[in-house]
Amino acid sequence: MTLAVPLARTECAPLPDPVVPTVAGARLTVPLVDGTRIGYANLDHAASAPCLDTVRDAVDELLPWYASVHRGAGFASQVSTKVYERARRVLRKFVGARATDAVVFTRNTTDSLNLLARALPKGTSVVLFDTEHHAALLPWRGPRVHRIETPASAGDAVLALAEALRECPVGPRLVVLTAASNVTGEVWPVAALTEVARRHGARVALDAAQLAPHRPIDIGALGVDFVALSGHKLYAPFGSGALIGRADWLQAAEPYLVGGGATAQVVDWGDRLGVSWSKVPERHEAGSPNVVGAHALAVACETLSARWESVVAHERALLRRLRAGLASVPGLRALSLFGADHDRVGVVGFTIDGLDSALVAAVLSAEHGIGVRDGAFCAHIATRRLLGRAGAHEQRAVRVSIGLGTHAEHVDRLVSALRTLVADGPAVAYHLVDGRWAPVADPRPLPAFLSEVP
């Protein structure tokens, strides 16, 4: 039985599922190339998730009070300082961190992992899989970086890590793991991998960017030492992320950035400046902090924490519907690390025989009002290995990712659109513009706020 349904043209999006937290833009409509409008089907949550309504409201409430943090005597500064430090406590609770763990606010997961890379003790061996997102793959430098090739199964991943750690030289060791793949959505066996790391005296850093919006995280239960996450994946797109974990390496390291806030004292010694650096977390938060972003991230974490059961159930139901529907599309090849039955969050990467993935994404947008991602998803090595494993001849794939802004009509519309595309091809002509497919005649107007300045 197919899940495809007729594609309705509607002036507004369907109401969101009332069981789960709602997002801004839930009733957004977008123009199509045929001149009509349709409710936007945002199936690109893995790139950037829409803002939660609770987050938007909280930011609006804070903005009149926004002021300098930590060093202002005014009452608004005191309020902003309390908001900022409260956000640390919320983040610590959100990931089940230890009381002694540091919570350093950053811009995003990439920033967090680069900070950690700068803080590693001299001579640290770093072990990671080549399936990592570039944010976790690229910050580590030097001869002691060991990259493990894409494993064939979760069990192979555990065995490969043990072998790699046995070969590491004496000294500090760090294992870098992803919690959930941003290419396939598959959840990694973090607890089992961490147990191996512990036996070999290694610490573990977890890239939780893709897991944190979908499942609860518990540092203690997983046995990890550091967690990195991003607000823009967590329905709080206000430029904030966090690195949460053991403070000793961060305290011993030179500041990630230097400037105000990172300094406890600066004195003039004539020929040079004498500087005493602040303790963690301020040590790595130079400059005026992103109070609004930290508050937004904290509110998103609180919102999700209060509704985890509903959030997980909602997404699992949608994922089952999505995967069943995609399986009905002729020529569609889903990408997988560990097999079809492995646990995963709401991310599916795929190709369709005979169709350029970038063209598929363009057609979905222009003709059906569906937003997906195409490419190698900032995980080039992993994506290309998985494409080869799936027997695809492309270097790019399509990625569909669901979340709190998704409901059943979006999934059904996607499946119907793909089946139509495979059967009949695009409804209008497309050409390449700056390397991207676009309709030859594209009448879709941009929103008024993007009007050209006269």
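Residue-wise test of (1) at pLDDT 95 or above; (2) on the phi < 0 side of the Ramachandran plot.
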{"position": "P18", "(1), (2)": "no, yes"}
{"position": "T22", "(1), (2)": "yes, yes"}
{"position": "G25", "(1), (2)": "no, no"}
{"position": "L28", "(1), (2)": "yes, yes"}
{"position": "L43", "(1), (2)": "yes, yes"}
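Among the conditions (1) in contact with a Leu (Cβ under 9 Å, 6 or more places away or on another chain); (2) polar (S, T, N, Q); (3) surrounded by 17 or more Cβ atoms within 10 Å (Cβ to Cβ), the only one that S153 does not satisfy is (3).
Selection of the stretch 23-60 for residues being under 18 Å from R444 (Cα atoms) and among the β-branched types (V, I, T) yields T29, V30, V33, T36, I38.
Among the listed residues V5, V69, V33, identify the single one that is part of a loop (DSSP other than H, G, I, E, B), outside the structural domain of A228 (by TED's automatic domain parsing) and at pLDDT below 95.
Numbers: V69 fails: outside the structural domain of A228 (by TED's automatic domain parsing); V33 fails: at pLDDT below 95.
From the options V5, V69, V33, the qualifying one is V5.
Can you name the residue in the stretch 223-256 that is part of a helix (DSSP H, G or I) and of a type outside the set (G, A, S) and is also surrounded by the fewest Cβ atoms within 10 Å (Cβ to Cβ) among such residues? Here the residue is D248. One residue is enough: does the stretch 199-219 have a residue meeting the conditions surrounded by fewer than 17 Cβ atoms within 10 Å (Cβ to Cβ) and in a helix (DSSP H, G or I)? Scanning the stretch 199-219 turns up at least one residue that is surrounded by fewer than 17 Cβ atoms within 10 Å (Cβ to Cβ) and in a helix (DSSP H, G or I).
The values are calculated or read from the model by the stated rules, or taken from the named source; none is laboratory data. Computed from a prediction, not measured in an experiment: that's the story for all the values here. Cβ sites come from the backbone with ideal geometry, for glycine too, and all protein chains shown count toward neighbours.
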